[in-house]
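The values are calculated or read from the model by the stated rules, or taken from the named source; none is laboratory data. Note that the structure is predicted; figures quoted are calculated from it, not measured. All Cβ positions, even for glycine, are placed from backbone atoms using ideal geometry, and neighbour counts span all protein chains on display.
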Amino acid sequence: MAQNRSLLSSPIEYLKGVGPQRADLLKKELHIFTLGDLLYHFPFRYVDRTSFQKIGQLTQQSQHVQIVGQVMEKNVVGESHSKRFIAYLKDDTGEIELVWFRALRWIEKTIETGKTYIVFGKPNFYRGTYSIVHPEISVFEQDSTGLEARLQPIYSSTEKLKTASLDSKGIEKLTSTLLAAISESDLPENIPASICDRYHFQQRFDAFVQIHMPQDFASLEKARKRLKFEELFLSQIRILQRKTVRKEDSAGFLFARLDPLFNQFYREKLPFELTAAQKRVIKEMRSDLISGKQMNRLLQGDVGSGKTIVSLLIILMAIDNGYQAAMMVPTEILAQQHYRSLSEITSGLNMKVAMLSATVKGSERNSLLAELKSGDIQLVVGTHSLIQEQVVFNNLGLIVIDEQHRFGVEQRAQLWTKNIQPPHVLVMTATPIPRTLAMTVYGDLDVSTLDELPPGRKPIITIHRYDSARLRVFGFMKKQINAGRQVYVVYPLIEESEKQDYKFLMDGYESITRAFPLPEFATSIVHGKMKADARDYEMQRFINKETQIMIATTVIEVGVDVSNASVMIIESAERFGLSQLHQLRGRVGRGGDQAYCILMSGNKLSAEARLRMQIMTATNDGFRIAEEDLKLRGPGDLEGIQQSGMAPLLLADIIQDQKILKAARTEAEKILQKDLLLQSSENFMVSNYINTIGKKEKRWSSIS
Ligand code: ADP
Ligand code: MG
């Protein structure tokens, strides 16, 4: 067994057909170091040898196609940079050009006139002819034996590997050598038998054989399903096990009392009835806070779902039990706003609220720090200034982090150290993701979800307009302003240092002040290059309705709450990602008036940008938008995914394979509930795999 186990962890040069030179290339180009790595280099596609298209059937909408044809003629055309190799491929319905810009000499040698080839690629239509650039190509062999009728695996390869004959075909050969050299004992089972039975999974070994050399689509699907489940199941076991162990180890403060502040606030001050979702998440947190364990919880809810009031109620629980609370927010503006609204809503209660940011200086700062240390201040709202070493608490019991996606994991962890025993932690985010997904990617956090908006909100009407329609948009702005509303105009300023963006913003400011002149109209401007007090002054003028238009960069993206503002115009909307657009849109629609969001863009849009505009105009649902965003960007970009400790997935896709993910999650939970350390005889193989074999087989170490 020990010997077998080491077989897959043997260096790749041990495989027949891999000498030192090829081994070197495999390591450099594909990070294949061991036999196990090669086994996990799965095909990314399969060619169905029985399904071909005719050239005459191609349309401008054709996606990837497979064609059989004869090369009639080949040519190198063009000079130096535009030099390219063209082969003309013909079948009985027409002709198509195959074009190469790279590796010309090699391809020229490889392709022979008169021979028949199978060509795979995406056709382009240009000036009346179809062409395929850098197609995959292989010699067509008449399948007299029937052997060729199987699905052919296609592996990723690189130009350099191809020069060592390690194109897809070459890798296929190595893989089949490997599969012939190993046996069932090299791939011991890593899913408990009861689960394998219930889901009708085939043996691991068979699954690997079928994914590399599938008999047919049905067995391929079966193999993929098993291996995806395996991948997700093992990663869920890891995540859940670590989380549970951490939880059991971390003692937490007890927030048992709800008197006097919580009850008084609830009875006398609560300005509205809580939504059912708000009540539910408060209960979820309450059970953490009286469990004796540290709470480490994410509250996710769409913009405007009312996260602030939830956090305030939790803060009151902390204070009722003799602890201080700190709320950290990503921007100065947001800190000011939360400070103001929290002070207002809690006025008359016996508690002291303060604000700390870089703008609080000198003696004011010193006395604030002293009061935090003595415990005279019970709630402090602040920016990342709160993390600084000089900030010392008397007895910090709760940390709330708003808009957590703007903070790094380290910043969050730094606040933990502000008390001897770590405080309870509540992080809030308005970029919600589907619940199962959240549980997966925010590995160390429990998740509560506000899936309901307060009643009476009118859906925001979202429209996409091209820059050429600007005058009409100005007309619409005038109408709204004359009806008493206020308008945001937001410009992209991705990097504060980008001169181009800054110029664009200032040009916009000029053209708007020209179209909306004083004294009839007044315009505010807020951007990252302004001094904080100038920014606050402008912001305040807008809040006080002294100005009707707020021109801003994305500094206003998070949290800002001006309920009379009902129009959000986003300039160069094509440059923003979906969640950012949704966040910006969330700045309006907070009052009773019909709100509008107008996405302005240039006429030329990439297909993806167009799709983003379509999604935005089609839905207001933050969960759906987050899901679409994930589909477009891939889960790799998802904030939090790095902190989850989830290994990169090779086969499964947490969006496409949510059903499998859910099943894997449920099974992992069931097992750990009964046997957290996986010590029973049925589960031992799982922990054995995770702790030893799997580490060698797979490159978990390459997790970035
Ligand atoms: P977000 O979740 O985006 O942080 P906020 O906490 O800023 O949302 O709440 C948005 C608005 O909804 C605020 O003006 C808040 O007072 C209001 N609100 C919150 N909860 C309710 C409720 N249950 N009923 C009515 N209005 C509510
Ligand atoms: Mg908020």
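Please go through region 364-392 and give me each residue that is outside any loop (DSSP other than H, G, I, E, B), within 20 Å of Glu344 (Cβ to Cβ) and within 38 Å of the chain's Cα centre (by Cα), ordered by number.
Once the filter is applied, which keeps residues that are outside any loop (DSSP other than H, G, I, E, B), within 20 Å of Glu344 (Cβ to Cβ) and within 38 Å of the chain's Cα centre (by Cα), region 364-392 yields Leu379, Val380, Val381, Gly382.
Suppose we keep only residues that are part of a helix (DSSP H, G or I) and surrounded by fewer than 24 Cβ atoms within 10 Å (Cβ to Cβ) within region 557-576. Which one would you say is modelled with the highest pLDDT?
Step by step, filter region 557-576, then rank; the result is Glu574.
Residue-wise test of (1) at pLDDT below 95; (2) of a type outside the set (A, V, I, L, M, F, W, C).
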| site | (1), (2) |
| --- | --- |
| Lys169 | yes, yes |
| Thr175 | no, yes |
| Leu178 | no, no |
| Ala207 | no, no |
| Gln210 | no, yes |
| Gln215 | yes, yes |
| Leu232 | yes, no |
| Arg246 | yes, yes |
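Restricting attention to region 340-361, report how many residues are more than 19 Å from Glu268 (Cβ to Cβ) and either more than 14 Å from ligand 1 (Cβ to nearest atom) or part of a loop (DSSP other than H, G, I, E, B) (or both).
So the answer is 8.
Just one of (1) surrounded by 23 or more Cβ atoms within 10 Å (Cβ to Cβ); (2) aliphatic (A, V, I, L, M); (3) within 30 Å of Leu518 (Cα to Cα) trips up Ala532, so point out which.
The single condition Ala532 does not satisfy is (1).
If a residue has to be touching a Pro at 6+ places or on another chain (Cβ under 8 Å) and either more than 9 Å from ligand 1 (Cβ to nearest atom) or β-branched (Val, Ile, Thr) (or both) to count, how many in region 269-310 make the cut?
Total meeting the criteria: 3.
Residues are listed down the side, and each one gets a yes or a no for (1) among the charged types (D, E, K, R); (2) in contact (Cβ under 8 Å) with a residue 24 or more places away in the chain; (3) under 25 Å from Ser511 (Cα atoms):
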| site | (1), (2), (3) |
| --- | --- |
| Phe542 | no, yes, yes |
| Glu546 | yes, yes, yes |
| Ala552 | no, yes, yes |
| Asp561 | yes, yes, no |
| Met568 | no, yes, yes |
| Glu574 | yes, yes, yes |
| Leu578 | no, yes, no |
| Leu581 | no, yes, yes |
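Looking only at region 317-337, how many residues end up being touching a Ser or Thr at 6+ places or on another chain (Cβ under 8 Å) and within 15 Å of Asn395 (Cα to Cα)?
Number of matching residues: 1.
Filter region 544-566 down to the residues that are away from ligand 2 (no atom under 16 Å from the Cβ) and out of contact with any Phe, Trp or Tyr (no Cβ under 7 Å at 6 or more places or on another chain) and list them by number.
Selection gives Asn544, Lys545, Glu546, Thr547, Asn564.
Condition first: touching a residue at least 60 places away in the same chain (Cβ under 8 Å) and either surrounded by fewer than 16 Cβ atoms within 10 Å (Cβ to Cβ) or of a type in the set (Asp, Glu) (or both). Now tell me which residues in region 658-674 satisfy that.
Glu667, Glu669
Among the residues of region 525-547, is any part of a strand (DSSP E or B) and at pLDDT below 95?
Yes, that holds for at least one residue.
Restricting the first residue to region 253-275 and requiring it to be modelled with pLDDT of 95 or more, which pairs with a second residue that is within 13 Å of ligand 1 (Cβ to nearest atom) and acidic (Asp, Glu) meet a Cβ separation below 6 Å and a spacing of at least six or different chains?
Here the result reads Thr275/Glu452, each pair linking region 253-275 to a residue that is within 13 Å of ligand 1 (Cβ to nearest atom) and acidic (Asp, Glu).
Please go through region 250-294 and pick out each residue that is of a type in the set (D, E, K, R) and assigned to a loop (DSSP other than H, G, I, E, B).
Arg257, Asp259, Glu273
Which residues, taken from region 54-76, are modelled with pLDDT of 90 or more and out of contact with any helix residue (DSSP H, G or I) (no Cβ under 9 Å at 6 or more places or on another chain)?
Lys54, Ile55, Gly56, Gln57, Leu58, Val68, Gln70, Val71, Met72, Glu73, Asn75
Do you know which of the residues in region 311-337 that are part of a helix (DSSP H, G or I) and in contact with a Lys or Arg (Cβ under 8 Å, 6 or more places away or on another chain) is nearest to ligand 1 (Cβ to nearest atom)?
Per the stated criteria, the residue is Ile333.
Condition first: surrounded by fewer than 23 Cβ atoms within 10 Å (Cβ to Cβ) and either on the phi < 0 side of the Ramachandran plot or under 25 Å from the mean Cα position of the chain (by Cα) (or both). Now tell me which residues in region 313-322 satisfy that.
If the condition is that a residue be surrounded by fewer than 23 Cβ atoms within 10 Å (Cβ to Cβ) and either on the phi < 0 side of the Ramachandran plot or under 25 Å from the mean Cα position of the chain (by Cα) (or both), then Leu313, Asp320, Asn321 are the ones that fit.
Six or more apart or on different chains, Cβ under 9 Å: which pairs go from a residue in region 109-136 that's within 16 Å of Gln70 (Cα to Cα) to one that's basic (Lys, Arg) and outside any strand (DSSP E or B)? Could you list them?
Ile118/Arg49; Ile132/Lys122; Pro135/Lys122
If you scan region 297-310, which residues turn out to be surrounded by fewer than 23 Cβ atoms within 10 Å (Cβ to Cβ) and either outside any loop (DSSP other than H, G, I, E, B) or more than 16 Å from ligand 2 (Cβ to nearest atom) (or both)?
Within region 297-310, Arg297, Leu298, Thr308, Ile309 meet the criteria.
Is it the case that Ser579 is closer than 30 Å to Leu632 by Cα, at pLDDT 90 or above and of a type in the set (Gly, Ala, Ser)?
No: the conditions fail for Ser579.
Which of the following residues is among the hydrophobic types (A, V, I, L, M, F, W, C), surrounded by 12 or more Cβ atoms within 10 Å (Cβ to Cβ) and part of a loop (DSSP other than H, G, I, E, B): Leu518, Leu453?
None of the other options fit; the residue is Leu453.
Could you list, ordered by first residue, the pairs with Cβ atoms under 7 Å in which the first is in region 180-198 and outside the structural domain of Ser6 (by TED's automatic domain parsing) and the second is hydroxyl-bearing (Ser, Thr, Tyr) and part of a helix (DSSP H, G or I), at least 6 apart or interchain?
Short answer, once both residue conditions are applied: Asn190/Tyr689.
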